[in-house]
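Participant: For reference, the structure I am asking about is given below.
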Amino acid sequence: MTALGSVEAEDYCAAVRAALTDLPASQRDELTEDLPDHLMEVLAEGEGSLIERLGRPEQYAADLRAAAGLETADEADRPREDLLTVGRRWLRRADERLGRTVGASRLSEQLVPLAPAWWVVRGWIVAQWLANRGDWQGIVPGVGDSRNAPLGLGLVLVCVVASVWAGFRLRGAPSWARAASAVISVIVALWAIVVLAGNSQTGGSGGGYVAPPVDNGITDLYVYDQSGNLVPHARIFDQNGNPVDMGQPCYDANGNQIGVTSVNGDYSYPLCQSPVGGPAAPGPLTATPSGANPSTPSTVPPSGAAPTGATPSTPAPTGASTAPPPARSSSGR
Amino acid sequence: MDSSQLLKGVLDLAVLAVLKDEDGYGYDIVRRLRAAGLHDVGDASVYGTLRRLFQSGALTAYVVPSEEGPHRKYYALNQAGERQLADSSGVWRTFAAAMDTMLKEVAA
């Protein structure tokens, strides 16, 4: 724009043009062709500031577009309220309302400077998806089963650069391109949220990652009943119904795991299944432990916990076979 | 109902009428409309209307160089514009007459 003799006029002009950035450049230029001269003439009349005389630049821009027929903003002239129009209007109102909570006229204005940060994150998310779908292992994904880290790093760099470049390129692009990009961004963000929610529930990323066993020097467990008999293939659960997997499984000379574990890997104790070399069996209990009724072990679990108390059916943990726990409580006492 | 609602429907006709007497440029037309009594007309609306009428082929435009100031873009009615003015003013007269009849009873 040619320099006007007045900063006020230049600012006003720039503000009007800024409110028309969604239009193609040629249209915007045509609409504001006469604006500088108009503003200077109004100023020359000396009847007040431009804002006093003409209203706010955003309003000026809106009136200009409406009169030029570029946007049917007329209340009385609403042809059909299709879903898109209603949706857009609702978004705009929400934008303004939320904007006020952060002290701006519109929330979207405040978020615009954050866009480049989002582009970086967006690229990273896409790289994760390309590398391992929903199995996020860290900042730099290892690609595929071989966990190829250099390839993952390269993938992240390529995707981030592409995303940021796309973000800048789309600034002047037609609205269909920007709408498509927005849709893609939303899909990417939603997918990321789903993955994160899923990961937090399973306590870590999905399959392929097994938590190391608790290391407190315990390598095997031996469970005895009140008569002092060893309970073979005992399975131990905590108050939430999660299996307690402790110790180190035993392997024979050929490297095969000995002893019995159930199908999904829950430990059954003793792990090594060899009574020889285990601890000496304790004698029978002479006194009832306080609080618990040992004759009906099926009701022992504290209230509110799975495994569900009185019934001998399988406790809550997954994978346990449908056979009831061994021996005593099958009669349902 | 304020006059701005009425004006929206009728600004085309007002601008065409102003241009029938004499060609004009943007701000000049705004001043003439105000001088004729349309005090509420907004500058932006006039400029937008001029552009739309030009796009629809009712006006021609030409640039007048000026020694002292900026070059100005002047608008003029062409034949299509004259026809539109005649048609629209007929519609207006009928409408205004109907309104006047209905409002005869109402105190001014």
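Participant: Just how much of B:Asp100 is accessible, in Å², when a 1.4 Å probe is used and the result is rounded to the nearest 10?
Facilitator: For B:Asp100, solvent-accessible area is about 100 Å².
Participant: Would you kindly find the accessible area of B:Tyr62, with a 1.4 Å probe and non-protein molecules such as ligands, DNA and RNA excluded, rounding to the nearest 10 Å²?
Facilitator: 90 Å²
Participant: Rounding to the nearest 20 debye, state how big the charge dipole of chain B is about its Cα centre with +1 on each Lys and Arg Cβ and -1 on each Asp and Glu Cβ.
Facilitator: Result for chain B is approximately 200 debye, rounded to the nearest 20.
Participant: On to the next question. For A:Val86 and A:Asp135, FRET efficiency with R0 = 41 Å and r from the beta-carbon atoms, rounded to 0.05?
Facilitator: Efficiency computed from Cβ-Cβ geometry: 0.55.
Participant: Given a Förster radius of 30 Å and the C-beta distance between A:Leu285 and A:Asn254 as r, what FRET efficiency does 1/(1 + (r/R0)^6) yield to the nearest 0.05?
Facilitator: So, using R0 = 30 Å, E works out to roughly 0.15.
Participant: So for the pair A:Leu196, B:Leu6, with labels modelled 7 Å out along Cα→Cβ, what separation do we get in nm?
Facilitator: So the two model labels end up 5.8 nm from each other.
Participant: Two-decimal Rg/Rh of region A:88-183 from alpha-carbon positions, Kirkwood Rh?
Facilitator: Ratio of gyration radius to Kirkwood radius for region A:88-183: 1.12.
Participant: Which residue fluctuates most in the GNM of chain B (Cα springs below 10 Å): B:Ser66, B:Ser45, B:Ser89?
Facilitator: Sorting by GNM fluctuation, first place goes to B:Ser66.
Participant: Next question. Put one equal scatterer on each alpha carbon of chain B, apply the Debye formula with no solvent term, and list log10 I(q)/I(0) at q = 0.14, 0.16, 0.18, 0.22 1/Å to two decimals.
Facilitator: -0.60, -0.76, -0.92, -1.25
Participant: On to the next question. On full extension of the chain, what length is gained from A:Trp176 through A:Leu98, given 0.36 nm per residue of separation minus the C-alpha to C-alpha distance?
Facilitator: 25.5 nm
Participant: Continuing with this model, one more query. Using 1/(1 + (r/R0)^6) with R0 = 35 angstrom and r between the beta carbons of B:Val91 and A:Ser105, what's the FRET efficiency to the nearest 0.05?
Facilitator: It comes to 0.30.
Participant: Summed for both chains, how many Å² of accessible area, to the nearest 100, are buried between A and B with a 1.4 Å probe?
Facilitator: Protein heavy atoms only, the A-B interface buries about 1600 Å².
Participant: Could you state how much accessible area B:His71 has, in square angstrom rounded to the nearest 10, with a 1.4 Å probe and all protein chains kept in place?
Facilitator: 110 Å²
The values are calculated or read from the model by the stated rules, or taken from the named source; none is laboratory data. Here the structure is a predicted model, which means the values were calculated and not measured. A quick note on method: Cβ atoms are made from the backbone with ideal geometry, for glycine too, and the neighbour counts reach across all protein chains shown. Please note that ligands, DNA and RNA were not included when accessible areas were found on the heavy atoms of the full protein model with its side chains. Shrake-Rupley method; radii C 1.70, N 1.55, O 1.52, S 1.80 Å.
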